[in-house]
Amino acid sequence: MGEVSRQSRFWERPLTSLSRTEWEALCDGCAKCCLHKVEDEDTGEVYGTNVACKLLDLKTARCSDYRNRRMFVPDCVRLTPRLAGELAWLPATCAYRLRAEDKPLPDWHYLVCGDRDAVHRAGVSVVGKAVSEIVAGPIDRLAHARRMTLRLAPDGSEVRISMPRWGRTADALAFAESRRDWLERQLEALPPSDGIAPGMVLPFRGTPLVLMHIHTAPRRPLADSATLRVGGPEEGLAPRLRRWLEREARALIEADLAEYCARAGVAQPRLALSNARRRWGSCAANGTIRINWRLVMAPDHVRRSVVAHEVAHLLHFDHGTQFHAALEELFEDDVRKANRWLKREGRALYMHFG
């Protein structure tokens, strides 16, 4: 953003007379124009959200790559004097809109008071009020949904809202806003990413194992009741461990899948290990079942509950009453207990391998 002299009070002139530098300097820095908008399909009404463009620095309310922003966000609006007077979604406090309407700038505008942080102290900017689109997720309209739910992806990468098909977008946005404190607590509780190093504790089938690196030992990891021993160069430790965990996961899940398909009386479908960041398992329309390999680190009953869940989808593709009855019959343990474990501990499974 260019720097210009405040002494000339250039902002009081008509917008069409401003130079490029003066035009850029008129921005008050609130960043509300960097928040996504949602149009109601039924009414055409446009609603604001608290979901910010991926380029927006949420701490400063400034674009992190303003000069090249359109390379990364092609639909970023390039504001002009004409648009400043036409775009109804521009906030009433926007300096461009105010001057297009021939109104004075507010006292907190930095051109008036000389303080660029005044917009934040006045509570006008998005600082402390927005979430990046990188972690914000879509709104899912589900035929079987009876209420709105807000969920954080297992790895914390996305927030997803589910709601009935007849629900209003505005209600979903209001619901998400009302759960801001909950979401902030969930994000703060995310376990920090942790690398792989000798002496660390790595879970395997629900048991914490101490990682022991012995250079002369076999490269293939060997687990006992308390340790996980692995040899070879320390530099390749992480990829070797991940490959071993994935092999173990495939063997265990293949056995789980065969068992539950036999119980359900259905043919065993193709299994694919998933590296999904947002779900533990899925069942495609063609019958392919995908299970997140990280479940090999969870207790057996948790992993098996996810496999049973997806096999139940081979019988009933939705989450209706018949699906839940089939799942209860297939799974030998307590589904609710397994779900509670995933809700409480699942995000920790992303600590070591991203």
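Quick rundown of the values:
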| item | result |
| --- | --- |
| Positions within the range 219-261 being among the charged types (D, E, K, R) and in a loop (DSSP other than H, G, I, E, B), in sequence order | R219, R220, D224 |
| Answer residue from the range 231-262, given it is exposed (fewer than 15 other Cβ atoms within 10 Å of the Cβ) and modelled with pLDDT under 90 and is nearest to V296 (Cα to Cα) among those | P239 |
| Flag for L202 being touching a Ser or Thr at 6+ places or on another chain (Cβ under 7 Å) and either closer than 30 Å to G128 by Cα or at pLDDT 90 or above (or both) | no |
| Among residues of the range 1-31, those that are assigned to a loop (DSSP other than H, G, I, E, B), more than 34 Å from the chain's Cα centre (by Cα) and modelled with pLDDT of 90 or more, counted | 5 |
| Subset of the range 318-351 [outside any helix (DSSP H, G or I), touching a helix residue (DSSP H, G or I) at 6+ places or on another chain (Cβ under 8 Å) and of a type outside the set (D, E, K, R)] | F331 |
| Hey, R278 of a type outside the set (S, T, Y), out of contact with any Pro (no Cβ under 6 Å at 6 or more places or on another chain) and at pLDDT below 90 or not | yes |
| Test: residue in the range 205-218 that is within 15 Å of L349 (Cβ to Cβ) and either acidic (D, E) or part of a loop (DSSP other than H, G, I, E, B) (or both) | yes |
| Scope the range 64-101; condition farther than 17 Å from R20 by Cβ, touching a residue at least 40 places away in the same chain (Cβ under 8 Å) and assigned to a helix (DSSP H, G or I); matching residues | A100 |
| Residue match in the range 294-305 (condition: among the aliphatic types (A, V, I, L, M), surrounded by fewer than 23 Cβ atoms within 10 Å (Cβ to Cβ) and outside any loop (DSSP other than H, G, I, E, B)) | no |
| Any hit, the range 125-140, residues being at pLDDT 90 or above and either over 29 Å from the mean Cα position of the chain (by Cα) or among the β-branched types (V, I, T) (or both) | yes |
| Residue that is in contact with a strand residue (DSSP E or B) (Cβ under 9 Å, 6 or more places away or on another chain), of a type outside the set (D, E, K, R), within 17 Å of V127 (Cβ to Cβ) and modelled with pLDDT of 90 or more, where the choices are L56, L35 | L56 |
| Selection from the range 202-211 of residues that are surrounded by fewer than 17 Cβ atoms within 10 Å (Cβ to Cβ) and either small (G, A, S) or farther than 15 Å from R294 by Cα (or both) | G206, V210 |
| Residue match in the range 270-286 (condition: in contact with a Lys or Arg (Cβ under 7 Å, 6 or more places away or on another chain), charged (D, E, K, R) and not in a strand (DSSP E or B)) | no |
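Okay, residues lined up against (1) in contact with a strand residue (DSSP E or B) (Cβ under 6 Å, 6 or more places away or on another chain); (2) buried (at least 17 other Cβ atoms within 10 Å of the Cβ); (3) of a type outside the set (S, T, N, Q); (4) in the same structural domain as E22 (by TED's automatic domain parsing):
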residue	(1), (2), (3), (4)
T49	yes, yes, no, no
T60	no, no, no, yes
F72	no, no, yes, yes
L83	no, no, yes, yes
A92	no, no, yes, yes
Y110	no, yes, yes, yes
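The rows are residues; the columns are (1) acidic (D, E); (2) within 31 Å of the chain's Cα centre (by Cα).
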{"residue": "F204", "(1), (2)": "no, yes"}
{"residue": "A217", "(1), (2)": "no, no"}
{"residue": "D224", "(1), (2)": "yes, no"}
{"residue": "T227", "(1), (2)": "no, no"}
{"residue": "A238", "(1), (2)": "no, yes"}
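The values are calculated or read from the model by the stated rules, or taken from the named source; none is laboratory data. Only a predicted model underlies this, so the values are computations on that prediction, with no experimental measurement involved. Here Cβ is always computed from backbone atoms with ideal geometry, including for glycine, and neighbour counts include all displayed protein chains.
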